[in-house]
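See below for the structure under consideration.
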Amino acid sequence: VDKLHQGMRTMEAKARRLSDIIQSMFKLMPEETFSDHLDRADVPLADLLDDIYEDAAPFAEERHQKLIIEPHAGELPIINVDREKIRDAAQNLMGNAIKFTPEGGEIRLRTTMFADERVAITVIDEGPGIPAADLKNVFNPFYSTSDVMKHSSGSIGETKHGMGLGLAVARHFAEMHGGEITVESSPQGSEFTI
């Protein structure tokens, strides 16, 4: 019976992983598909940050990590975005931050407001950083850094590494909104900003 339960858990984990891969691929389909449709609405940034935090919290708790929201001082604005696409993009960044930050470490979610009414969401981890040679490629579909297994300190779900689609999806969704995604990295950690 134990072997049967273990086998079923393994199959379930593989089915979830395949479903995640398929969903990520659909999100990257060419512009004539639904993936490039924005369902814009006025969204309180504070509510969006709460959603992002709640999505990541169970995984961070499992690794005894501390999630810290660092909103901009003062009242947070209402932004006109596709809530689910921005949430998906941030979930990808948070998932990577949790995966690469050591057990017991901190992950920060920071917002910045600019005079021209742009808003930035930054995820800051305490991982080992991304090698300089890999930085230019991290947003390319199916790209994983050369030593992802060596530096990944934990897992989200059942695996330490993914298919290299999360950052590509995040970039796609940021660009759909007329924005961009950037990365800064050092041996003390990485900062991804939408």
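Does the stretch 69-76 contain at least one residue that is at pLDDT 95 or above and either part of a helix (DSSP H, G or I) or under 18 Å from the mean Cα position of the chain (by Cα) (or both)? Steps first, please.
Taking the stretch 69-76 as the starting set, the residues that turn out to be at pLDDT 95 or above are none.
Checked against the condition, which is being at pLDDT 95 or above and either part of a helix (DSSP H, G or I) or under 18 Å from the mean Cα position of the chain (by Cα) (or both), the stretch 69-76 yields no hits at all.
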Mind listing whichever residues of the stretch 1-26 are surrounded by fewer than 10 Cβ atoms within 10 Å (Cβ to Cβ) and either modelled with pLDDT of 70 or more or acidic (Asp, Glu) (or both)?
Asp2, Lys3, Leu4, His5
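Please enumerate the residues belonging to the stretch 121-157 that are polar (S, T, N, Q), open to solvent by less than 60 Å² (accessible area, probe 1.4 Å) and either at pLDDT below 55 or in a loop (DSSP other than H, G, I, E, B) (or both).
Of all residues in the stretch 121-157, those polar (S, T, N, Q) come to 122, 137, 140, 144-146, 152-153, 155.
Among the residues that remain, those that are also open to solvent by less than 60 Å² (accessible area, probe 1.4 Å) are: 122, 137, 140, 144-145, 152-153, 155.
Asn137, Asn140, Ser144, Thr145, Ser152, Ser153, Ser155 - these are the residues of the stretch 121-157 that are polar (S, T, N, Q), open to solvent by less than 60 Å² (accessible area, probe 1.4 Å) and either at pLDDT below 55 or in a loop (DSSP other than H, G, I, E, B) (or both).
For the stretch 179-194: of the residues being open to solvent by 70 Å² or more (accessible area, probe 1.4 Å) and outside any strand (DSSP E or B), which is farthest from Ala132 (Cα to Cα)? Give the steps one after another, and end with the answer.
So the first thing to find is which residues in the stretch 179-194 are open to solvent by 70 Å² or more (accessible area, probe 1.4 Å), and the list is 180, 184, 187-188.
Going one step further and asking which of them are outside any strand (DSSP E or B), we end up with 180, 187-188.
Values: Glu180: 20, Pro187: 10, Gln188: 13 Å.
The residue in question is Glu180.
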Given the structure, is Lys66 exposed (fewer than 15 other Cβ atoms within 10 Å of the Cβ) and either at pLDDT 90 or above or hydrophobic (A, V, I, L, M, F, W, C) (or both)?
yes
Positions within the stretch 69-120 being within 14 Å of Ile194 (Cα to Cα), open to solvent by less than 40 Å² (accessible area, probe 1.4 Å) and of a type in the set (A, V, I, L, M, F, W, C), in sequence order
Ile79, Val81, Ile86, Ala89, Ala90, Leu93, Met94, Leu109, Ala120
Determine the pairs where a residue that is under 15 Å from Ser190 (Cα atoms), located within the stretch 134-150, has a partner that is exposed (fewer than 11 other Cβ atoms within 10 Å of the Cβ) and at pLDDT 85 or above with Cβ atoms under 9 Å apart, the partner being 6 or more residues away or on another chain.
Thr145/Ala133
How many residues are free of Cβ contacts under 8 Å to residues at least 40 places away in the same chain and more than 22 Å from Glu180 (Cα to Cα) when one looks only at the stretch 63-95?
3
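The values are calculated or read from the model by the stated rules, or taken from the named source; none is laboratory data. Note that the structure is a prediction, hence the values are computed from the model and not measured. As a convention, Cβ positions derive from the backbone with ideal geometry for all residues, glycine included, and neighbour counts pool all protein chains shown. When the accessible area is computed, the model is the full protein with side chains, heavy atoms only, and any ligands, DNA or RNA have been set aside. Shrake-Rupley method; radii C 1.70, N 1.55, O 1.52, S 1.80 Å.
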